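As structure tokens, the structure follows; a few thoughts come after it.
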Amino acid sequence: KLLALCFLRNLQVYGTIFHMNQGNPFRLKALVDQWPDFNTVVICPQEQEMTDDFDHYTNNYQIYSKDLTNCQESLSTSDVINWKQHLQIQSSQPSLDKVIQNLATTKFVKVKQTQCILYVMPETARKLLPSLPETKNLPPGYSTPRMFKLSSLDVTHAALVNKLWHFGGNEKSQRFIERCIQNFLSFCLLGPNGTPVAWSLMDQTGEMRMGATLPEYRGQGLISYLMFAHTQTVENLGFPSYNHTDKANKIVQKICHNQHFISFPCGWNQWNCVPL
């Protein structure tokens, strides 16, 4: 409830804690600097989950802070983040970049920041951001019937998803995808031979991710239909719903615009950290 009051700056943390409250299938933990009047929140896996020092898909942290000075002090004087591992940090706060860069210098870590466009789906925006002008009188989304069967992914489909995931293509990413398929909602369109031709997954933050269409089926609007079905199902369940896309991906941006997704000014931010 406290995070919902400042939703614009903590979307990834809010979404992750929401799904932790739904059974915590990824066995995550949420840490605060103090309680109940907290300044900084860090979410990460339990120590026993982060056994591979090179698996940045698992060694993944979400951070939100009301006070960046407090955040830097808290993270520099604790062992919450294991800087000796390859890891990822995600946040809806681009202002965290200075904190992470400062910490990386003292911890002897190389950092690469990735910034993408962050979209929130209409119903999530209506519930959590009713004051935003963009949430007023939003027209409904659309769907185009196609000659494909809407289904969910099976863990045996992980290799196919991994092959087309821009951030994947390796053994560790496939293991992460398998966990997502096993623990969260997934959606796909099955082709004539019963195998997926397009798909969309949900990760531990509750975000719609890893969506793709096989090359030979592109240009038919399948991913538009699939994203609409995914969004409708998730929002009907009361889950917060959002996604991100690369700033150069004009196709997905157009789909999000057509389906009335709302672009967040803070963006989607990720820092990949590698010890020197």
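Could you work out the relative contact order of the chain, using alpha carbon pairs under 8 angstrom and six or more residues apart, expressed as a whole percent?
Once divided by the residue count of the chain, the mean separation gives 26 percent.
What FRET efficiency comes out for F54 versus N102 if R0 is 25 angstrom and r is the Cβ-Cβ distance? Round to the nearest 0.05.
Working: r = 24 Å, r/R0 = 0.98.
E between F54 and N102, to the nearest 0.05, is 0.55.
Using a 1.4 Å probe on the protein chains only, how many percent of the accessible area of the range 48-133 belongs to carbon and sulfur?
Summing carbon and sulfur atoms, their accessible area is 51 percent of the total for the range 48-133.
I need the GluC sites (Glu not before Pro) found in the range 47-97, filtered to DSSP loop residues with at most 12 other beta carbons within 10 Å of theirs.
Answer by residue number: there is no such site.
What's the extension gain from L164 to T233 if we count 0.36 nm per residue and subtract their Cα-Cα distance? All intermediate terms of the calculation are to be shown ahead of the outcome.
Working: separation 69, 0.36 × 69 = 24.84 nm, distance 2.40 nm.
Going from the current span to full extension adds 22.4 nm.
Pick out, in residue order, every one of the chymotrypsin sites (Phe, Trp or Tyr not before Pro) in the range 74-131 that is DSSP loop and has at most 14 other C-beta atoms within 10 Å; say none if there are none.
Here the chymotrypsin sites (Phe, Trp or Tyr not before Pro) that fit, given the DSSP loop and packing criteria, are F108.
What net charge is computed for the residues neighbouring Q62, neighbours being all others with C-beta under 12 Å from the C-beta of Q62, Lys and Arg scored +1, Asp and Glu -1?
Computed value for this residue: -1.
Quick check: residue separation of K127 and I251 times 0.36 nm, minus the Cα distance between them. What number comes out in nm? Before the final figure, lay out the partial values.
Numbers: separation 124, 0.36 × 124 = 44.64 nm, distance 2.74 nm.
Contour length minus the Cα-Cα distance gives 41.9 nm.
Write out the trypsin sites (Lys or Arg not before Pro) in the range 142-221 meeting two conditions: DSSP loop, and at most 14 other Cβ atoms within 10 Å of their Cβ. Don't skip to the answer; put the middle values down first.
Working: sites: R146, K149, K163, K172, R175, R179, R209, R218; in loops: R146, R218.
Those satisfying the criteria are R218.
Mind checking the full-extension length gain between T77 and K149? Use 0.36 nm per residue of separation minus the Cα-Cα distance, one decimal, nm.
Taking T77 through K149 to full extension adds about 20.6 nm, to one decimal.
Does the range 217-263 come out rounded, prolate or oblate, given a ≥ b ≥ c as the square roots of the eigenvalues of its C-alpha gyration tensor, rounded meaning a/c under 1.5 and, failing that, prolate meaning a/b above b/c? Intermediate results must be reported in sequence, preceding the final value.
Values: a/c = 2.41, a/b = 1.37, b/c = 1.76.
Oblate, because a/c is 1.5 or more while a/b does not exceed b/c.
Compute the distance in nm between two label points, each set 7 Å from the Cα along the Cα-to-Cβ direction, one at L68 and one at R175.
Simple spin-label model gives 3.5 nm for this pair.
Would you mind getting the accessible area per residue of the range 1-116, heavy atoms of the protein chains only, 1.4 Å probe, in Å²?
That works out to 49 Å² for each residue.
Relative contact order of the range 55-115, please, whole-number percent, based on alpha carbon pairs below 8 angstrom and at least 6 residues apart.
42 percent
Grab the beta carbon distance between N24 and E216, set R0 = 30 Å, and tell me the FRET efficiency rounded to 0.05.
Values: r = 39 Å, r/R0 = 1.30.
Working from the Cβ atoms, E equals 0.15.
Apply 1/(1 + (r/R0)^6) to the Cβ-Cβ distance of N272 and T195, taking R0 = 30 Å, and write down the FRET efficiency to the nearest 0.05.
0.40
Counting only protein heavy atoms and using a 1.4 Å probe, what share of the accessible area of the range 151-276 belongs to carbon plus sulfur, as a whole percent?
The computed percentage sits at 52.
The values are calculated or read from the model by the stated rules, or taken from the named source; none is laboratory data. Please read all numbers here as calculations on a predicted model, not as lab measurements. Neighbour counts are summed over all protein chains in view; Cβ atoms, including those assigned to glycine, are modelled from backbone coordinates with ideal geometry. The accessibility values were calculated without ligands, DNA or RNA, using every heavy atom of the protein model including side chains. Shrake-Rupley method; radii C 1.70, N 1.55, O 1.52, S 1.80 Å.
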